[in-house]
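Structure first, then comments.
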Amino acid sequence: MKKILVVVDMQNDFIDGALGTAEAAGIVGNVIRKIHSYPPDCIYATRDTHGKDYLETPEGKYLPVEHCIKGTEGWEIRREVAQAMPEAVLIDKPLFGSEELVRKLREESGKGEIEIELVGLCTDICVVTNALLLKTAVPKARICVDASCCAGVTPESHAAALLTMKMCQVEIEE
């Protein structure tokens with residue numbers, strides 16, 4: 001069985017930038033340790049990616065905080081995280097969930113049995129969205145989330161997202 005790690009949006013803007021939190025900064029070391037536990041060619045990483053017109057988009061009207069604007073320092077994956085996964089397949093995504101990630105991992109599942117683990121930011125937005133998309137698209141794969149390698153917008157919304165995923169048969173590791 002091939003084990004795949006998905007590192008979700010470990011970008012500067014979500015760690016200590018425009019939308020950063022102490023909880024997000026606190027998981028960086030855990031995420032790096034998790035990355036090192038996987039073969040380098042079994043890692044996928046997403047980047048929340050917006051244009052300069054972000055504030056004019058539906059998301060920007062709901063969350064009027066410019067973040068992860070392509071080409072900015074805030075858009076970049078945290079340096080030490082990026083250095084830990086130099087061979088990762090990088091996927092830029094304009095929305096919470098990534099159709100490209102789902103397509104690539106569905107293709108991987110066609111080659112043989114896979115297990116997918118997700119870590120990253122934010123538990124209650126992009127991690128939960130991608131976990132549920134993957135659970136739907138690759139129903140035979142074990143999908144799990146390491147809670148110690150995730151952080152939400154708030155501790156309460158992090159816990160709520162973990163419960164939501166657990167109710168949808170995504171395994172939660174504490």
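Only the coordinates and a few stated rules stand behind these numbers; no lab work does. Model, not experiment: these values are computed from the prediction. Ideal geometry is used to build each Cβ from the backbone, glycine not excepted, and the neighbour counts take in all protein chains shown.
Of all residues in segment 127-153, which are touching a residue at least 40 places away in the same chain (Cβ under 8 Å) and surrounded by fewer than 24 Cβ atoms within 10 Å (Cβ to Cβ)? Correct list: ASP146, SER148, GLY152, VAL153. The residues in segment 11-55 that are under 17 Å from THR72 (Cβ atoms) and of a type in the set (Asp, Glu) can be counted, and the count is 4. Of the residues making up segment 1-25, those that are surrounded by fewer than 20 Cβ atoms within 10 Å (Cβ to Cβ), in contact with a strand residue (DSSP E or B) (Cβ under 7 Å, 6 or more places away or on another chain) and not charged (D, E, K, R) number 2. When ALA45, ALA24 are screened for being under 14 Å from the mean Cα position of the chain (by Cα), part of a helix (DSSP H, G or I) and under 18 Å from ALA131 (Cβ atoms), only ALA24 passes. For THR123, are the conditions met, namely being free of Cβ contacts under 8 Å to residues at least 60 places away in the same chain, touching a helix residue (DSSP H, G or I) at 6+ places or on another chain (Cβ under 9 Å) and surrounded by 14 or more Cβ atoms within 10 Å (Cβ to Cβ)? So THR123 passes the test. Checked against the criterion of being under 13 Å from the mean Cα position of the chain (by Cα) and at negative phi, the candidates LYS135, LYS93, LYS111 yield just one match: LYS93.
Restricting the first member to segment 39-51 and to residues that are within 17 Å of GLY120 (Cα to Cα), and the second to residues that are part of a strand (DSSP E or B) and small (Gly, Ala, Ser), the beta-carbon pairs closer than 9 Å and six or more apart or on different chains are ALA45/GLY120; THR46/GLY120. When ARG106 is tested against (1) without any contact (Cβ under 8 Å) to a residue 60 or more places away in the chain; (2) in contact with a helix residue (DSSP H, G or I) (Cβ under 7 Å, 6 or more places away or on another chain); (3) within 26 Å of TYR54 (Cα to Cα), only condition (3) is not met.
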